[in-house]
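Single-structure report; data block below.
The values are calculated or read from the model by the stated rules, or taken from the named source; none is laboratory data. Note that the coordinates shown come from a computational prediction; the quantities given were computed from them, not determined experimentally. Counting neighbours? That spans all protein chains shown, and the Cβs are built from the backbone with ideal geometry, glycine included. Just the protein is used for accessible areas: all its heavy atoms, side chains included, with ligands, DNA and RNA removed. Shrake-Rupley method; radii C 1.70, N 1.55, O 1.52, S 1.80 Å.
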Amino acid sequence: LQIVAEDEGAELTDKSSRKSNTWVVSDTNLEEYVGKPIFTSDRLYEKDPLPHGIVMGLAWTSMGGAALYIETQAIRRGVDSDGKSKGGGMLKVTGQLGNVMEESTQIAYTVARAKLAEVNPSSSYFDNMDIHMHVPEGATPKDGPSAGITMTTAMLSLALDKPIRNDLAMTGEISLTGKVLPVGGIKEKIMAARRAGIKCIILPSGCKRDFEEMPDYLKEGLETHFAEEYETVFDVAFSSEQEN
């Protein structure tokens, strides 16, 4: 277009005028030719593994799929005059969550406590610590049950002192007994995961058909695990191969 404009004698601005007789398109000048990226990564953390207590979930929104971090932080409870902890552990949740997602946090908290008692019966972590769970982008309302397994894993990451790899993401509702229940928006969530550079994904077994019906270019190169029980999620997230 620049050449045609020059041949027609049209005036070009400094930005539009030809700077040389050849063009080299690279990462540094791509925006000059095609404009700003339409989609950007949802990543908040580049560190691998992630900080303790943080896991990437996948959500469906009105704009399509999105990566959704679940952040948890522990606060040691105060002690009384006898040196005993005041009360039992409690869970605080922020991030403008809807009623369904609020309920999911309570279920995830119970499942996390039960799982910790199973793998480390001597641990009193959840009795001694208050847990604050936050979902970033607090100005954006969020709802739905699909972050259940992500919340559970984030809390266990704290309690077990084990970080999660930063190229792992998951989605799935969790029941009080640890069942992983199917959720919607799988195609949009996989697209969001690919934008974020995710290489390993955990999905409910009930979503296997949705995944298999997706185009091959979305599935290619993804390490995908399907879970019926939280035990599978736990094994993938905390396997020795993924610990640093």
Output yes when any residue across region 199-207 is open to solvent by 60 Å² or more (accessible area, probe 1.4 Å), closer than 22 Å to P145 by Cβ and among the hydrophobic types (A, V, I, L, M, F, W, C), and no when none is. no
Could you please tell me which pairs satisfy a Cβ distance under 6 Å, a separation of 6+ or placement on different chains, a first residue in region 117-132 that is hydroxyl-bearing (S, T, Y), and a second residue that is open to solvent by 60 Å² or more (accessible area, probe 1.4 Å) and not in a loop (DSSP other than H, G, I, E, B)? none
Starting from region 212-239, take each residue that is under 13 Å from R194 (Cα atoms) and list its partners that are open to solvent by 50 Å² or more (accessible area, probe 1.4 Å) and assigned to a loop (DSSP other than H, G, I, E, B), counting only C-beta distances under 9 angstrom and pairs at least six apart or across chains. G221/K199; L222/K199; E223/K199
Tell me the residue from L168, L181 that is touching a Gly at 6+ places or on another chain (Cβ under 9 Å), crowded, with 16+ Cβ neighbours inside 10 Å and of a type outside the set (V, I, T), please. L181
Here are some residues: L176, L218. Which one is part of a loop (DSSP other than H, G, I, E, B) and either out of contact with any strand residue (DSSP E or B) (no Cβ under 9 Å at 6 or more places or on another chain) or over 23 Å from G53 (Cα atoms) (or both)? L176
Note on region 101-134: residues closer than 17 Å to T177 by Cα and either small (G, A, S) or outside any helix (DSSP H, G or I) (or both) are S104, A108, A112, A114, A117
Subset of region 208-219 [more than 27 Å from E231 (Cβ to Cβ) and open to solvent by 90 Å² or more (accessible area, probe 1.4 Å)]: D216, Y217
Of all residues in region 135-157 being outside any helix (DSSP H, G or I) and hydrophobic (A, V, I, L, M, F, W, C), which is surrounded by the fewest Cβ atoms within 10 Å (Cβ to Cβ)? A139
For residues in region 61-100 being farther than 20 Å from V183 by Cβ and touching a residue at least 60 places away in the same chain (Cβ under 8 Å), which is surrounded by the most Cβ atoms within 10 Å (Cβ to Cβ)? T72
